[in-house]
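Single-structure report; data block below.
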Amino acid sequence: MQMRLTRAILGFGLSVAFAAPVLGADKETRQMMADIRILQEQSQQLQNLIASVNEAVKAVNARIDEQTGASRKSFADQKVVIDALANDLRVVREKVDDSNVRVGSLGQELDALRQSVTALSVARPAVPDGDPTAAADASPAGGSPVAAPSGASAVGASPQKLLDSALADYYAGQYDLAILGFESYVKTFPQSPQASFAQLHVGVSQMQLGKYEPAIAAFDLVIRNYARSNEVPDAYVRKGTARDQELLRQRRRNGGAATTAGTSPAETLTSGSRRDVSIMGSVNKVILVGNLGRDAEVRYTPGGAAVARFSIATTEVWNDKAGQRQERTEWHNIDLWGKQAESLSEYLVKGKQVYVEGRLQTDEYTDKEGQKKKSTKVRCERVVLLGGGGGGRGGGGSSERSERSSSGGSGGASASHDDVSEPLTDDDIPF
């Protein structure tokens, strides 16, 4: 009996001893499971918070995109408005320039009319009423009428028509008439922008007639009276040429006595030219008279400047040693800039004969193969439409020559310096 009790006590003690660790382990497991559930709940809350943040970021991005689109649209609308205002301003500026040109032309017409009235009043003095002998007394002795003042040939003629008439005589080879016309223009309109051009052509016409001393005097008038004109460099060069020709003529006439002792004939002939050219530095001047090989093509630079590009042909004719007629044609590329390019483009058609003044300009560019090349063209400063060749593209003929030969109602269309503020290259021209 005692043995059984002892065994029972020992069994109970062993069961208690083994049950205590099991209960402790189960408690730790429950605590760990509770911590895991807490972590899962916090993770779920964190995911929900991240999702809400993502939604907020998406909303902000959508709002930013919307504002960016609105800003771009506003900028585009403003650019359209600015471009429209710039175009309107350019149109207004051109109209103002045209108005100024017309006002200047009207002023010249009024001056011509005023001089016409003055010339007529001088040529026909007033006769008192009821005095039949006054008309005879008004005439000088011999009964000859009172001569009209110088420039009377221009009475009633506009500056443009007078200059065009002189140019027509010049290009027709009637140099005597051309000299009278140019001198009449200079005397009648001494303040005209084309007075220097007319005075220069007085000297050129004198040279064509072999009258070198009067030509030198005419070129001196250009240099002295129109010191700021574009014709001064040309006047210096032509004056030197005329002086050389006159010295050569004197040397031939005197059998070489015109040369200075100790100086060769070549040095004597070129001394005047070197002296005149040394005063002004250098000259870049081109004068061409020829026919267009194709219609002028007008394009616009990115800056909005108009440029008309065309080519003209000049033909040289001579007789070879065998007496056979020979010809050689040279082609010249011309660039005309500014408002003249727009106003004259429809009249610069294939076959049209034109007078071109300008300067040589060489541009360097890279071709499609990457090779650097150079091209030389004439930067046009004045263009005059002559009588030969086709009419305008719109059906106009030579009757419109005087109206379209320039923008200022004068003999040539000078390129405006305001139209192109800086030199441009072929890369700027969308040809």
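The values are calculated or read from the model by the stated rules, or taken from the named source; none is laboratory data. All values reported here derive from a predicted model rather than from experimental measurement. Cβ sites come from the backbone with ideal geometry, for glycine too, and all protein chains shown count toward neighbours.
Go through region 197-224 and count every residue that is within 31 Å of the chain's Cα centre (by Cα) and more than 14 Å from Glu183 (Cα to Cα).
The number of residues fulfilling the criteria is 3.
Between residues in region 214-233 that are surrounded by 19 or more Cβ atoms within 10 Å (Cβ to Cβ) and residues that are charged (D, E, K, R) and part of a helix (DSSP H, G or I), which pairs lie under 8 Å by C-beta distance while being six or more apart or on different chains?
Going by the 8 Å Cβ cut-off, the qualifying pairs are Ala215/Arg238; Ala215/Lys239; Ile216/Lys239; Ile216/Arg243; Ile216/Glu246; Phe219/Arg238; Phe219/Lys239; Ile223/Lys239.
Residues checked against (1) under 23 Å from Gln208 (Cβ atoms); (2) at pLDDT below 85:
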| site | (1), (2) |
| --- | --- |
| Asn225 | yes, no |
| Val232 | yes, no |
| Tyr236 | yes, no |
| Thr241 | yes, no |
| Arg253 | yes, yes |
| Ala257 | no, yes |
| Leu288 | yes, no |
| Arg299 | no, no |
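Keeping to region 187-208, report how many residues are of a type in the set (Val, Ile, Thr) and at pLDDT below 90.
Total satisfying the criteria: 1.
The conditions are (1) farther than 27 Å from Tyr185 by Cα; (2) at pLDDT 80 or above; (3) assigned to a helix (DSSP H, G or I), and Asp220 fails exactly one of them. Which is it?
The one condition Asp220 does not meet is (1).
Residue by residue through region 173-194, note down the ones that are closer than 19 Å to Gln208 by Cα and assigned to a loop (DSSP other than H, G, I, E, B).
Gly173, Gln174
Give the number of residues within region 354-368 that are under 30 Å from Asp164 (Cβ atoms) and acidic (Asp, Glu).
So the count comes out to 1.
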